[in-house]
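Scroll down for the structure; my scribbles are underneath it.
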Amino acid sequence: SLVIVRSYEDAVESGSTDDRPAFRELVRAIKDAQRGWDTLLVYDTSRLARRRYIAQAIKHQAKKHGVAILYARLPADLDPVAELVLESVFEAMDEAHSLMSREKGLAGMAENVRQGWRAGGRAPIGYRLEVHATGAVREGKPVTKTRLIPSEDAVAVAAFLRARARGVPRVQAGRVMAMAAPTLVGVEWNALTYAGHTVWRRHAEAGTGRKRRPRSEWLITRDTHPALITEAEAEAILTQLETSDVGAAVSRAKASQSSFLLTGRLFTPEGEAWVGHG
């Protein structure tokens, strides 16, 4: 007997995060006294969130602002205790499913990298993505994978990297490329990619206070695409980055441009920097 007056849908977004456009719109509406509705009908607990702390936060806001939450796939005639227990069980299962799905996804990406395919994302400057059909079909759409091939910027990128490998200062070497220093540093950290290898797991997990993992944790598959520089040149560039304080200085400079006022100023008792997300 409910009349649907508004729908909130994030069809391709993950329920493990609150960084979903329609979800954020829903949260704003719950807090708005002029929203014009007082019941939120959700298909099941996983559609609200696949993280229990997000689910608890949104349920708290709903209760605070007089919004009842109903789940289409849960019985409507439960007593309060049974409802609490059942919701908690489902929310725990949602989170467990999300974590297992993430592990499977990462394993699949790692296997793609081992086979020389890209694990997703844009091509680094100097390359473009070449799409290959696998012959498989998923949900009615052909499954494709990508590899890197040189782009029109390849010559300039190679000239910059070779100059940096010889020790030419970044500003001087970067004259062949119209880019800011932080972007040039990012190009240098990709040196092994420019040496023809597929590199994965370079970036650290969010919230660790680090930007990159130690090189010992990188997953590298060799000779997967045309190289723009030699491996020796790539190693020379990475050695300079790892033994210089320039990279740290650039990170501090980028942190100063953050929209979070205390970025770079707040640290945990262990000395790791607090970072802001969303």
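The values are calculated or read from the model by the stated rules, or taken from the named source; none is laboratory data. All values derive from a computational prediction rather than experimental measurement. We place every Cβ from the backbone using ideal geometry, glycine too, and count neighbours over all the protein chains shown. Surface accessibility is based on the protein's heavy atoms, side chains included, excluding ligands, DNA and RNA. Shrake-Rupley method; radii C 1.70, N 1.55, O 1.52, S 1.80 Å.
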message = For the stretch 53-72, check the following and say yes or no: at least one residue is in contact with a Ser or Thr (Cβ under 9 Å, 6 or more places away or on another chain), modelled with pLDDT of 80 or more, among the charged types (D, E, K, R) and more than 30 Å from Thr224 (Cβ to Cβ).
response = no
inquiry  = Please go through the stretch 146-162 and give me each residue that is open to solvent by less than 50 Å² (accessible area, probe 1.4 Å) and either farther than 13 Å from Leu228 by Cβ or not in a helix (DSSP H, G or I) (or both), ordered by number.
reply    = Thr146, Leu148, Ile149, Ser151
query = Does the stretch 120-143 contain at least one residue that is touching a residue at least 60 places away in the same chain (Cβ under 8 Å), open to solvent by less than 30 Å² (accessible area, probe 1.4 Å) and of a type in the set (A, V, I, L, M, F, W, C)?
reply = no
